[in-house]
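Worksheet for the structure shown next.
The values are calculated or read from the model by the stated rules, or taken from the named source; none is laboratory data. What you see is a predicted model; the values in this text were computed from it and never measured. Backbone-built Cβ (ideal geometry, glycine too); neighbour counts: all protein chains shown.
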Amino acid sequence: MSIIINGLSVEPPGDPRVSLLDHLRERLHLTGTKKGCNQGACGACTVLVDGERILSCLALAVQYDGRRITTVEGLAEDGVLHPLQAAFIEHDGFQCGYCTPGQICSAIGMAAEARRGVPSNVSADLSGEVRLDRDEIRERMSGNLCRCGAHNGIIDAIEATMGAAGARA
Amino acid sequence: MTPFSYARAGTAADALRLGGDTGTAYLGGGTNLVDLMRETVARPARLVDVTGLSDTIEETDGGGLMIGAATRNTALAEHHAVRTRYPMLSRAILAGASAQIRNMATVGGNLLQRTRCTYFYDTDGSRCNKRELGTGCDAVGGFNRIHAVLGASDACVATHPSDMCVALTALDAVVHVDGAAGARTVPFGDLHRLPEDRPDLDTVLQPGELITAIELPAMSFATNSTYRKVRDRASYAFALISVAAALDMEDGRVRDVRIAFGGVAHKPWRAARAEAAIRGSAASEGAFLAAAQAEFADARPLRDNGFKPALAARTLAAVLGDLAKGDVA
């Protein structure tokens, strides 16, 4: 078995203590995924596993044997940025940029959850179609912190790309 | 982390065979256990990964649901039968943690996350009876805004942080367990312990026992149920107070009710006194407040959490008021 990372097959670590985050950064030198708190509080390490967003700092890499991981390095296609990456630039969705890879991977996972109708803590109706307005986006992105305070630009970028008024990405 | 070996179980029988030795821990999503291992609070010699076990949600003959223990929290919250028949459970799960953590965390693991507080994690600076039995508790005389007001002891004042478990308590869930001594069931309200003089033990499970499923019994009036969480920020924080409630009304009177509180005790707190006070009474804010006051009559607030009984009473009255009006989606 092996872990598929951005389409490439890699060996899982021999030492089961290695987190998916450390495996990405230290062994594979995919340093786009960031280590913030390393305790599941900040979201900087968010990656996609089979399309679902998770925290790579709380994931033991050996648990993800056989799974498909997408990191921020795997989002652009043929040198063309993912629409959300372009929107972060357009809407100033960062200052220092450290939380950005996690924000972008998280928002892509969020959009998939919304498309299949997963409600959130602020959804008035549990069974209705999800409409990604700003309140919904804020709640659904609350696991990703930005210490620079770029949240308004971040929400703008996500809303423009994935929101109720924006295109579906 | 201290070194450990890792094995993946394909079935419950596999897990029990691999997990029988002392020092073994079952690994679900890892969202609490991996964190505790990194802080060396938990030091298992062996991890048995049980995320490959049953993650199905199936109808039971009795009209309830049987939830495989490896079901992810998000999958349970978004399941159609849960959203429509047990909305308090969907609401409770969605009020907890972050979306990333809910995608990782399993239902069985949610039940077995540690009852904990910040002092429990502070291996370098604080005494904690839960971490090292007999060393003392620095939370009792420390910063204890989020701590327990009911059922605590001098040894431990930590609260159980799960939102999902508060709903499962109110819904009379049943925990299916397997182990060397055979399979058994545990009523949800009996799974978690009060600290007494053994805060190192959060549940009544024996070493090596494995949660295989959680059963929700049929509860027709749970369609009129919800979960409300009060916390220090709008999202992604543990509860100061939370309420899970289901209300069955007939001609302006309460025919039946289920209530549980989170954020008040070492375990999810089923409010039997409040339920008894409300059952059969007219639905009024006064009755709801009085019932909550009865539930918290024995509360023992600490330095920083004296607001909890009043906050719990107001939150309960607001939730039941909405449910009485049918005002909850």
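Below is a table of values for the structure above.
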read-out	value
Residues (surrounded by fewer than 24 Cβ atoms within 10 Å (Cβ to Cβ) and outside any loop (DSSP other than H, G, I, E, B)) located in the range B:158-174	B:VAL174
Failed item, numbered, when B:THR22 is tested on (1) over 19 Å from B:MET104 (Cα atoms); (2) surrounded by fewer than 14 Cβ atoms within 10 Å (Cβ to Cβ); (3) in contact with a Ser or Thr (Cβ under 9 Å, 6 or more places away or on another chain)	(3)
A:CYS45 buried (at least 19 other Cβ atoms within 10 Å of the Cβ), closer than 17 Å to A:THR100 by Cα and not acidic (Asp, Glu)	yes
Leading residue by the ranking (surrounded by the fewest Cβ atoms within 10 Å (Cβ to Cβ)) among those in the range B:25-69 that are over 18 Å from B:GLY109 (Cβ atoms) and hydrophobic (A, V, I, L, M, F, W, C)	B:ALA45
Close pairs (6 angstrom Cβ cut-off, 6 or more residues apart or separate chains): on the phi > 0 side of the Ramachandran plot in the range B:186-206, modelled with pLDDT of 95 or more anywhere	B:GLU196/B:SER153
Helices (runs of 4 or more DSSP H) (entirely within the range A:73-169) containing at least 3 residues that are crowded, with 18+ Cβ neighbours inside 10 Å, in contact with a strand residue (DSSP E or B) (Cβ under 9 Å, 6 or more places away or on another chain) and not assigned by TED's automatic domain parsing to the domain that holds A:GLY40	A:100-115
Criterion: surrounded by fewer than 24 Cβ atoms within 10 Å (Cβ to Cβ), among the polar types (S, T, N, Q) and at negative phi - qualifying residue of B:THR135, B:THR115	B:THR135
Matching option when the condition is outside the structural domain of B:GLY20 (by TED's automatic domain parsing), within 14 Å of B:GLY262 (Cα to Cα) and of a type outside the set (D, E, K, R), among B:LEU168, B:LEU191, B:LEU133	B:LEU168
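Per-residue answers, yes or no, for (1) touching a Leu at 6+ places or on another chain (Cβ under 7 Å); (2) within 12 Å of another protein chain (Cβ to nearest Cβ); (3) not β-branched (Val, Ile, Thr):
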position: A:VAL80; (1), (2), (3): no, no, no
position: A:THR100; (1), (2), (3): no, no, no
position: A:SER106; (1), (2), (3): no, yes, yes
position: A:ARG116; (1), (2), (3): no, yes, yes
position: A:GLU129; (1), (2), (3): no, no, yes
position: A:ASP133; (1), (2), (3): no, no, yes
position: A:ASN144; (1), (2), (3): no, yes, yes
